[in-house]
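Note sheet for the following structure.
The values are calculated or read from the model by the stated rules, or taken from the named source; none is laboratory data. Nothing here was measured: the structure is a model prediction, and the numbers come from that model. Because the Cβ atoms are built from the backbone with ideal geometry, glycine has one as well, and the counts that use them run over all protein chains shown. Areas reflect the complete protein model, heavy atoms only, side chains present, ligands, DNA and RNA absent. Shrake-Rupley method; radii C 1.70, N 1.55, O 1.52, S 1.80 Å.
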Amino acid sequence: MRTLDQQEKIDRTHDEVMGYKNNNDNGSSKHLWQSKKIAKKKARKAKPKFFMRWGVYFILFTIFVLLFHGWSEWNITSNQPSENWSVGLDIAEGLPTDYRLISQSLAPNNNEIVLAYTTSTSIQIKFFTLYGELIDEVKYPLSDSSIIASKVKVIQLTQTQDYNYLYYSDRTDLYRVRIDPTSRTLENETLISNHSEQFAASGNYVIAGDDEITILYKGNEEITSLANYDNLKRLCIYSDHDEIYATLNAGDGGRLLTVKDDKLIDIEIAQVKDQRTYGYFKDIYVEKGMITLVASIFDHLSPGAPTILGVWQLSEADLDIESFKLFYHVRTSLDPVIAKVDGPKVSYILGTQQTLDNASKGLSRYPQTKGGTYTNISYFTREQDRLIENTRISLTRRYPVGYDYFQTPIGDILTWVDKEDKKGILTIAGNSPEWIAYAQTQLKPDVMSLLSYSVLAVISVAFLGTFSFLIALTSYSWYIIAFLILMYIYNRWIPGDSKVKGKIILILSIAFSIVLSIILVASPNSDFRFYAEIYPWFFGNNITIVVVPAVVALGSLFIYALWRKQHYYYDNRFLHFSFFIGIELYFYLITVMAFFVAAMMKNGQMM
């Protein structure tokens, strides 16, 4: 039994002990609160300055990329296709994409270009200066015409000494309308022929025919006719005052026709087997006593086969064939236009393919690949069978459906119609120093258009860019797997301090991702190089194709370093790598992959 004095002593001792403990707890809490307060003060003092925050550079880099996309588009638009040819200027929009419904000619004074094309209700006629400035326009309504607008299949403009003439046909009836280029007035239509399955016009002459008969007209008067052929295929004509030459392709061969002393002269040029090999006649050119004919063929059933041009040269005096040559081009269905002939030297305009087909490069694995080709127009000169000039005249990422070449008082001029979004755009270019200087003054950047393009280019990578990036990585999947296995083995079984190993793994992982991002684009067989013609400064340049992903990687590394300095208290290595790879992937997508996706989509639109 405890006495009362003993119990009081025990109780007093307990109270003292508990009092000391409570005092201790209060002191610890107060010390912890004071430590946090001091840490916050230190954090405020250690807060980096505005220009040293990683978020600032993240935003600046994003803005720079948007501006870079706009600059890239403008740089491509403002580049001359070659030293002696100007950039192209768009002068008319909303045209048909069928070039048979579009025609162009010089006005009688050779100082204006006349354009005609069909609309849903009429034939629109526009007059331009030789620099492509619109002077005037008139409409020829077809609502009350013998052929309504939807039935018109072919139109053609010609130039005479005083007038321009507009011909239009529904493949049966052929009508003509006279255009006064001074008053811009149009006369009523005149029926020329009821046999116009095929027709061709030059100056005041027109040749029209079908499977029954082919007739040559001067104005609306018949000169001569031809009926001894089988299955009419194509007609061409050349006239200079009263000098007339025409070609006729039929199922039984190709012929040259001319009229001398009111008599029709009919000369066989190509046999049936020749037409299968060289195609039908596409143009006639007469100069210095030499008649030059050009035919071409493109085998649509064998897209890998070359386009073949057959070129005949005949003496104008006796119509004897003096030479025949074959010219070969890669994949083009467009027709050649003879620009100049100087003895055995033949210069011609031809739209030719600039790239290979997507499928041949195995790019069909990407979701946005449509597999098409795109074409630019070039000026070729050949002497005998030797190519001595190949000058690119157009630099477009659209698809030209047809073109015309004019020799004018201010130099040579090329006009062509590009297909874009199911509509045609008429573009003009020249080769004189004045034309080249003028074109540069007319090029003004559309800021809103370039900005919208930049934003869309970045947005497009949200799905297509990410998916395409993952597809591109599949070629290196075994390298990635091998690296991950090596890092696991090093971390799991190699002895050493865990913190040191974690730091080494982080450094190696960052280095591996940087090297992989560069190789993915810059390797000789990368898919990105396929679009060198669309972005020549990037995918076609061996230096830039390395520099751009390298800059992206170094910029990401710089932002990561700022983030690590700002958040020094995070010591999780996985968090550090996740931040770096996230930043690098973001910038990689909006730069490299954005251009890749844009190139594929542009290439698909060039079909």
Query raised in the report: Could you count how many residues in region 326-344 are within 26 Å of W416 (Cβ to Cβ), surrounded by 14 or more Cβ atoms within 10 Å (Cβ to Cβ) and more than 24 Å from the chain's Cα centre (by Cα)?
Result: 5
**Report entry** Enumeration of residues in region 381-415 that are under 10 Å from G351 (Cα atoms) and open to solvent by 10 Å² or more (accessible area, probe 1.4 Å)
**Finding:** R392, Y399, V401, Y403
Report summary line: Residue set L562, L557, L575, L589; condition in contact (Cβ under 8 Å) with a residue 40 or more places away in the chain, more than 19 Å from L464 (Cα to Cα), open to solvent by 20 Å² or more (accessible area, probe 1.4 Å) and not in a loop (DSSP other than H, G, I, E, B); output residue L557
Requested in this report: Can you tell me which residue among L589, L520, L554, L562 is in contact with a Gly (Cβ under 8 Å, 6 or more places away or on another chain) and over 23 Å from N491 (Cα atoms)?
Outcome: L589
Query - Yes/no for D240 being touching a residue at least 40 places away in the same chain (Cβ under 8 Å), within 24 Å of N204 (Cβ to Cβ) and touching a Lys or Arg at 6+ places or on another chain (Cβ under 7 Å) - result: no
Query raised in the report: Is it the case that region 299-322 has a residue that's touching a strand residue (DSSP E or B) at 6+ places or on another chain (Cβ under 8 Å), open to solvent by 50 Å² or more (accessible area, probe 1.4 Å) and of a type in the set (F, W, Y)?
Result: no
Report task. Would you be able to say whether some residue in region 535-549 is farther than 30 Å from T352 by Cβ, surrounded by 13 or more Cβ atoms within 10 Å (Cβ to Cβ) and touching a Ser or Thr at 6+ places or on another chain (Cβ under 8 Å)? Result -> yes
Requested in this report: Could you please find all residues in region 174-184 being surrounded by 18 or more Cβ atoms within 10 Å (Cβ to Cβ) and in a loop (DSSP other than H, G, I, E, B)?
Outcome: P181
Report summary line: Scanning region 335-358 for residues that are modelled with pLDDT of 90 or more and of a type in the set (A, V, I, L, M) gives V337, I338, A339, V341, V346, I349, L350
Report summary line: The condition from (1) exposed (fewer than 14 other Cβ atoms within 10 Å of the Cβ); (2) within 39 Å of the chain's Cα centre (by Cα) that D242 misses is numbered (2)
Query raised in the report: Pick from region 117-130 the residues that are in a loop (DSSP other than H, G, I, E, B) and open to solvent by less than 60 Å² (accessible area, probe 1.4 Å): which of them is nearest to T182 (Cα to Cα)?
Result: L130
Requested in this report: Could you tell me whether region 85-101 includes any residue that is closer than 26 Å to N204 by Cα, of a type outside the set (A, V, I, L, M, F, W, C) and not in a loop (DSSP other than H, G, I, E, B)?
Outcome: yes
Query raised in the report: Which members of region 161-173 meet the condition of being open to solvent by 60 Å² or more (accessible area, probe 1.4 Å), free of Cβ contacts under 8 Å to residues at least 40 places away in the same chain and out of contact with any Asp or Glu (no Cβ under 6 Å at 6 or more places or on another chain)?
Result: T172
Query raised in the report: For region 507-534, what are the residues that are part of a helix (DSSP H, G or I), buried (at least 18 other Cβ atoms within 10 Å of the Cβ) and hydrophobic (A, V, I, L, M, F, W, C)?
Result: I510, I514, I518, L520, V521, A522, F528, F530
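Let's see how each residue does on (1) closer than 19 Å to I581 by Cα; (2) over 40 Å from the mean Cα position of the chain (by Cα):
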position	(1), (2)
I480	yes, no
Y488	yes, yes
I494	no, yes
D497	no, yes
F512	yes, no
S517	yes, no
Report task. Taking S498 as the residue in question, decide whether it is open to solvent by 80 Å² or more (accessible area, probe 1.4 Å), small (G, A, S) and free of Cβ contacts under 8 Å to residues at least 60 places away in the same chain. Result -> yes
Query raised in the report: Residue check, L426 against (1) at pLDDT below 90; (2) within 30 Å of G411 (Cβ to Cβ), all met but one. Which one?
Result: (1)
**Report entry** First in region 78-94 and under 22 Å from G424 (Cα atoms) and open to solvent by 70 Å² or more (accessible area, probe 1.4 Å), second anywhere and assigned to a strand (DSSP E or B) and among the polar types (S, T, N, Q), Cβ under 7 Å, 6 or more apart
**Finding:** D90/T427
Query raised in the report: Does region 185-214 hold any residues that are out of contact with any Phe, Trp or Tyr (no Cβ under 6 Å at 6 or more places or on another chain), open to solvent by 40 Å² or more (accessible area, probe 1.4 Å) and assigned to a loop (DSSP other than H, G, I, E, B), and which are they?
Result: E187, N188, N194, H195, E197, N204, D211, E212, I213
Report summary line: When every residue in region 131-160 that is assigned to a strand (DSSP E or B) and among the charged types (D, E, K, R) is compared, the one most open to solvent (accessible area, probe 1.4 Å) is K139
Query raised in the report: Can you tell me which of L484, L456, L451, L470 is touching a helix residue (DSSP H, G or I) at 6+ places or on another chain (Cβ under 8 Å), in a helix (DSSP H, G or I) and over 30 Å from T118 (Cβ atoms)?
Result: L451
Query raised in the report: Would region 459-468 turn up any residue that is among the small types (G, A, S) and exposed (fewer than 10 other Cβ atoms within 10 Å of the Cβ)?
Result: no
